[in-house]
Each structure stands twice: as C-alpha cells, then as structure tokens.
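Encoded as structure tokens, the structure appears first; notes follow it.
Here, each number is a calculation from the coordinates, and none is a lab measurement. A quick note: this is a predicted structure, and the numbers were derived from the prediction, not measured. As a convention, Cβ positions derive from the backbone with ideal geometry for all residues, glycine included, and neighbour counts pool all protein chains shown.
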Amino acid sequence: MKYKILAIDDEENILKLLKVNLEKHNYEVYTSTKPTKIIKLAKEFKPDVIILDEVMPEMSGLSVAGILSHDRKLKNIPVIFLSATIDNNTEDNYTYLPKTVEVFKNINIIIKDRLYKNRSDYYKYKLKQFIHCEQNRFALMALIIFCILFYNIAEEHQSVSWFKKTFKELTWPEVQQIVSSPREICARVRHRVIYKPDTEDIWDDGKTTWTREYGDCEDISQTIVDLCKEKNIPAWVEVFSIDGGTEGHAVVLGYWGNKMWMASNGWFQYIDDLADAKHKVSREFKHWRGKNINSSRISGAALNGFRWYETFN
C-alpha cells in the first residue's frame with residue numbers, strides 16, 4: 001500500500017525534485033501548479049498529505065489551507081508548507097519547511113512524522129497494510145466463516161448468545177433479558193433509537209419505540225424507564241419546562257445504589273440532586289439559561305393518552 005502525496009507549487013522544478021525524492025520512498029505523488037483547483041484535486045486523488053508552496057501567484061498556500069479547513073472531508077489532511085523565508089516549525093495541523101536541498105532529501109522523514117503523529121495513527125496504518133495483503137484477506141474470510149458457524153451453534157444453546165449481544169440487533173424481550181445497569185440500558189437505547197421529533201407528540205411505551213427504532217425525547221426516556229422497571233431499578237420520567245414557555249424536555253431520573261443519575265436522550269450521567277439535573281438541562285438548551293426551570297414527575301399511568309408539545313429540535 002502506497003501513501004499518496006499531493007504537491008502544489010508554481011515552480012515546475014520544485015515539483016520535479018519533490019516527486020523524484022518521494023517516489024524513491026514508495027510514495028504515490030501527484031503534482032500541480034494550480035492551487036485554485038485544490039478541492040477538485042484533493043477529492044479526486046485523496047491524498048494522505050498535502051505539500052503547498054507558501055507563496056504562489058494565483059493564491060497563497062495559507063489561503064489554500066483555509067479552503068481545505070472548511071471542507072468536512074479534507075480538513076484533517078496534514079499540510080506541509082514550503083517556504084523560502086521560514087525555518088522548521090509546526091503549528092496545529094501545519095508544518096513549515098524551508099526550501100533547501102537538504103529538506104527535499106529528508107522530506108520522507110518529515111512526512112512520516114506527520115502521518116504517525118500519534119500511536120493510534122501508526123496502528124491504523126499497520127491495519128491497512130494487513131488488510132491489503134491478499135494472504136491476510138483469506139485469513140479474515142476464514143475467521144468470518146468461523147464466527148458465523150460459532151454464532152449458529154451458540155444460538156442453539158442460549159436464548160441470547162454472546163455473539164448476538166455484541167453484533168446483532170436485539171428484540172425487546174432479548175434486551176430486557178440481558179441489561180443489568182442503568183448505564184448499560186441507556187447505551188443500548190441510545191444505540192438503537194434515533195432521535196426524531198414527533199409532530200403529533202404522542203407518548204409511546206418502550207416496546208413500541210424500540211421496535212420502530214426512532215422517537216422523541218419522551219419516547220427515549222420512557223423506553224429507558226420501562227427497561228429499568230424490568231430490572232427493579234428505580235427510575236422515572238421528569239419533564240422540565242421554563243416559566244411562560246410552551247416547550248418541554250423529558251429526561252430520566254433514577255437511583256443506582258446510593259447515587260442519583262439522569263439520562264437526556266439516552267446520555268447517562270450521575271447527578272447530585274434535582275437542582276443539578278435542572279442545571280445540566282439548562283446547559284443543554286442555551287436559551288433556558290438564566291430562566292426559572294420547572295419540573296414535574298410523570299408516572300407510567302399518566303402516560304396513557306398523554307399529549308404535550310416541544311418547540312425545539
């Protein structure tokens with residue numbers, strides 16, 4: 001597997017020198033004298049590192065980097081600037097290098113430093129190398145086949161196998177069976193149920209929301225409460241609102257051991273008390289800050305046919 005380098009400079013001889021030195025070290029190099037086409041070139045070539053001349057007639061290197069930083073897919077690509085006026089320097093995602101023959105000879109070392117900026121990047125590179133090896137691909141296929149066979153055997157001996165808990169979507173009875181703590185319940189619900197505003201604002205029970213896989217904050221909260229109820233974990237839905245407002249936000253409050261916890265849209269966290277929960281909700285909705293926040297506890301019996309409205313996404 002070759003790393004890809006995109007080099008842009010208005011001087012052809014500099015580009016040729018870069019290309020020769022980098023190809024010696026097994027890099028795939030694409031060069032251009034057109035900085036204005038950076039987005040098109042980067043998306044087509046998909047480089048791992050971009051080398052830019054700091055000063056060019058059509059557009060400066062910093063301007064080119066600014067364009068890259070506003071593109072979601074390109075903003076994290078490391079950029080190396082070549083400069084005739086600056087010494088070696090590194091700032092954020094940018095590295096500045098002087099235009100000298102010595103730098104061009106050793107630019108391979110500098111690029112490796114940018115590619116392997118931390119240990120996780122190095123392991124990602126090794127993983128890519130492993131996958132691109134044909135022999136390893138056969139080994140991976142064999143492992144997948146083994147896992148499928150293991151899954152089928154395990155299914156015959158357990159109502160909910162380890163494999164299914166880890167890799168397969170669970171039904172409502174199955175998730176009721178395997179969860180054991182409020183943190184795990186929140187994680188399962190957050191993974192399964194996608195937040196989606198309900199135009200009718202009808203409060204559904206946990207099983208309905210789990211089955212359709214989406215719901216409002218009140219649906220997500222009730223799903224968590226229903227699972228907690230199965231495990232005898234004290235939990236309830238608390239609705240917060242502000243004075244004079246027509247909007248509300250439902251969260252789950254409960255106890256685990258001697259600690260109080262809350263879950264907003266499935267995100268679990270420990271809290272000190274109800275006042276702390278109000279504070280965390282006000283941080284979640286900035287336009288609530290500095291206003292009096294009311295709360296009301298909603299019991300399961302009160303949910304039947306309950307309708308309310310929330311005006312924010």
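Hey, rough spin-label estimate for Asp243 and Lys259, points 7 angstrom out along Cα→Cβ, what's it come to in nanometres?
It is 3.4 nm.
Where does each of 256-264, 286-294, 138-146 land if you order them by average Cβ count within 10 Å, highest first?
The peptides rank, most packed first, as 256-264, 286-294, 138-146.
Count the lysine pairs in the range 172-303 whose Cα atoms lie under 30 Å apart, taking only pairs 8 or more positions apart in sequence or on different chains.
For the range 172-303, qualifying lysine pairs total 25.
Which cross-chain or sequence-distant (5 or more) residues have an amide H under 5 Å from the amide H of Tyr96, H modelled 1.01 Å from N in plane?
Under 5 Å from the amide H of Tyr96: Phe81, Asn89, Thr90, Glu91.
Multiplying the sequence separation of Lys196 and Ile145 by 0.36 nm and subtracting their Cα-Cα distance, what value in nm do you get?
14.7 nm
If you put +1 on each Lys and Arg Cβ and -1 on each Asp and Glu Cβ, how big is the dipole of the range 172-303 around its Cα centre, in Debye rounded to 20?
500 debye
Give me the extension gain from Val103 to Asp10: residue separation times 0.36 nm, minus the current Cα-Cα distance, reported in nm with one decimal.
31.6 nm
Give me the percent relative contact order of the range 172-303, please, defined on Cα pairs under 8 angstrom at least 6 residues apart.
Relative contact order comes out at 22 percent.
Per-residue HN-Hα couplings for the range 256-270, Karplus 6.51 cos²θ - 1.76 cosθ + 1.60 at θ = phi - 60°, whole Hz, x for Gly and Pro?
Once θ is set to phi - 60°, the couplings for the range 256-270 become 9, x, 9, 10, 9, 9, 9, 9, 10, 6, x, 8, 7, 7, 7 Hz.
Given 5 Å bins starting at zero, what is the percent of C-alpha pairs of the range 172-303 in each, up to the one with the largest pair distance?
Per 5 Å bin, starting at 0, the Cα pair percentages come out as 2, 11, 22, 24, 21, 13, 5, 1, 0.
State to the nearest 20 debye the size of the charge dipole of the range 22-83 about its Cα centre, where the only charges are +1 on K and R beta carbons and -1 on D and E beta carbons.
300 debye
Mind giving me the FRET efficiency for Tyr270 and Asn232? R0 is 25 Å, r the Cβ-Cβ distance, nearest 0.05 is fine.
0.80
To make sure I understand, if each residue's beta carbon is the centre and we count other beta carbons within 10 Å, what order do Glu58, Glu28 fall in, fewest to most?
Ascending number of Cβ neighbours within 10 Å: Glu58, Glu28.
So which of Lys73/Lys99; Lys19/Lys73; Lys46/Lys73; Lys4/Lys46; Lys37/Lys75 end up more than 18 Å apart by C-alpha?
Where the Cα-Cα span goes over 18 Å, the pairs concerned are Lys73/Lys99; Lys19/Lys73.
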